[in-house]
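Working notes, structure below.
The values are calculated or read from the model by the stated rules, or taken from the named source; none is laboratory data. In this text, all values refer to a predicted model and were calculated from it rather than measured experimentally. Here the Cβ positions follow ideal geometry from the backbone for every residue, glycine too, while neighbour counts run over all protein chains shown. Calculation scope for accessible area: heavy atoms of the full protein, side chains included, ligands and nucleic acids excluded. Shrake-Rupley method; radii C 1.70, N 1.55, O 1.52, S 1.80 Å.
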Amino acid sequence: MSWSPAIARFGETVVRLHWSFLLFLTWIALSALLGAGMAAAISGVVFFSLLFACVVLHEFGHILAARRYGVRTPEVLLLPIGGVSRLERMPEEPRQEIVIALAGPLVSFLIGLVLLAALGFPAPDPTAGFDSLGAILLQLGWLNIVLGAFNLLPAFPMDGGRVLRAVLASRLGHARGTRLAANAGQAVAIVFGMVGLLSGNFILLLIAVFIFLAASSEAGAAQMRSATLGLTVADFMITEFESVHVDAPVSAAAEALIRTSQKEFPVVDGQGRLRGGLARDAIVKAMHRDPSMPVAEAMASDIPVVTPQHNADELVRYLQASQPMVIACRADGHPVGVVTWENMLEYMMVHPVQDASARRPAG
Ligand code: ZN
């Protein structure tokens, strides 16, 4: 389900289209084609493509602001309900987060104002459709204003919610601020969801579900990050584990999967140095194709590697980016520990969160 082809690259940032976005464009084209003919299908696709180009520009507002603070910005993902920029990290400095959050809506307002100014500031007209260039530009102009305003709603993870979070975080600490902003986001999502349901607005309902899930996972991650402050990878890692050999057949890894309670295995070469990682899903998939396939072909070679002395909050960031495992290695490349969400959660269960801010280094 993670199939998202890259369509463009600007500097270090890759723009990807989520598969559901292509499905959405196809649906627009087909329903217009069947309902109103070829011309309507073409103008519909042109309109939505231009609208999403505006969304990409909005995202690049965030990205250019983030780069100013030295934050790397590897990816923009386009979903039918909007864009998501992946930043390597959020600056801890609340003021920087506010600038990054506001830069996107600012771009949307600018695009809207420029388009509407070029047309002589016409009133919004939802019935104008988009069958002429003038009509398309009119709709785009107003939609960019709406997009900018909508994103300023104080509902985390939308831009206004990030501003709210940064303001709260500067007073109440990162974890509490995020939790409150996330609760506000969930409340707004529930209102959206109800309005969407009652009015039969499918897109609004979709946005509500998206905001609700994103707000929940952001709150969880913030709690996890604050709980891990001051701890190192060594506090979390599994130190008794089996590795599989890079040249062994996948069936040997499958045997280890059954024999042990591990679901993630470091893959090592003849000298015991780390070459990659093999998770249960990959083992199962490879077994269905060819049990004699060498582990080297089935493994993931981009598993994040850390040292046992690394800060633990980095683990949260990696695992949140849906990596199945993080492997801790000694300086000579030998794996000495494995970390998964599961054992991070286990750690949290046996060490109930005390006041994590007590561990936060001064300043
Ligand atoms: Zn935004």
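Across the chain, the longest run free of exposed loop sites, meaning GluC sites (Glu not before Pro) lying outside DSSP classes H, G, I, E and B with no more than 14 other Cβ atoms within 10 Å, spans 93-239.
What is the sum of charges, Lys and Arg at +1 and Asp and Glu at -1, for the other residues whose Cβ falls under 12 Å from the Cβ of GLU314?
Working: positive: ARG89, ARG225, ARG317; negative: GLU88, ASP313.
Combined, the nearby Lys, Arg, Asp and Glu give +1.
3J(HN,Hα) along segment 339-350, derived from phi through the Karplus expression 6.51 cos²θ - 1.76 cosθ + 1.60 where θ = phi - 60°, amounts to 10, 10, 3, 4, 7, 5, 5, 4, 4, 5, 5, 7 Hz, with x in place of Gly and Pro. Seen against the Cα atoms of the chain and their longest principal axis, helix 280-289 is set at about 90 degrees. The distance between label points at ALA123 and LEU34 comes to 3.6 nm (points 7 Å beyond Cα on the Cα→Cβ vector).
For the chain, what is the mean residue ellipticity at 222 nm derived from helices alone (per DSSP H run of n ≥ 4: -39500 (n - 2.57); sum divided by total residues; nearest 500 deg cm²/dmol)? Computed mean residue ellipticity for the chain: -18500 deg cm²/dmol. Angle of helix 133-151 to the longest C-alpha principal axis of the chain, folded into 0 to 90 degrees and rounded to 10: 50°. With the convex hull drawn around the C-alpha atoms of segment 222-286, the volume per residue stands at 119 Å³.
In terms of the Cα gyration tensor, with a ≥ b ≥ c the square roots of its eigenvalues, is segment 139-178 rounded because a/c is under 1.5, prolate because a/b exceeds b/c, or oblate? If you can, show how the numbers build up before the last one.
Values: a/c = 5.84, a/b = 4.17, b/c = 1.40.
Here segment 139-178 falls in the prolate category.
Solvent-accessible area assigned to carbon and sulfur over the chain amounts to 63 percent, based on a 1.4 Å probe.
Quick check on segment 1-135: take the gyration tensor over C-alpha atoms, sort the square-rooted eigenvalues as a ≥ b ≥ c, and tell me if it's rounded (a/c under 1.5), prolate or oblate. Because a/c hits 1.5 or more and a/b fails to exceed b/c, segment 1-135 counts as oblate.
Would you mind getting me the FRET efficiency between VAL350 and LEU50? Use the beta-carbon distance for r and R0 = 41 Å, nearest 0.05. Before the final figure, lay out each step's value.
Working: r = 54 Å, r/R0 = 1.31.
Efficiency for this residue pair is about 0.15.
Between PHE202 and ILE258, residue separation times 0.36 nm minus the direct Cα-Cα distance comes to 15.7 nm. Each DSSP beta bridge with both residues in segment 1-152 is either parallel or antiparallel, and the antiparallel ones are about 70%.
Roughly what % of DSSP beta bridges within the chain run antiparallel, to the nearest 5? Working shown, then result.
Values: 22 of 30 bridges.
If we restrict to bridges inside the chain, about 75 percent are antiparallel.
Treating only the Cβ of Lys, Arg, Asp and Glu as charged (+1, +1, -1, -1), what charge dipole size does the chain show about its Cα centre? Round to the nearest 20 debye. The partial results should precede the final answer.
Working: 25 positive and 28 negative charges, 140 e Å.
Once rounded to the nearest 20, the dipole reads 680 debye.
In segment 155-228, the C-alpha radius of gyration followed by the widest Cα-Cα span (Dmax) gives 13.0, 43 angstrom.
Between segment 55-88 and segment 119-185, the C-alpha centres lie 15 angstrom from each other. Which whole-number percent gives the relative contact order of the chain, counting Cα pairs below 8 Å spaced six or more residues apart? That works out to 10 percent.
Any chance you could tell me what percent of the C-alpha pair distances in the chain go past 32 Å?
Cα-Cα pairs of the chain separated by over 32 Å account for 44 percent.
Can you give me the accessible area per residue for the chain, using a 1.4 Å probe, in Å²?
Working: 18860 Å² over 363 residues.
With the other protein chains kept in place, the chain gives 52 Å² per residue.
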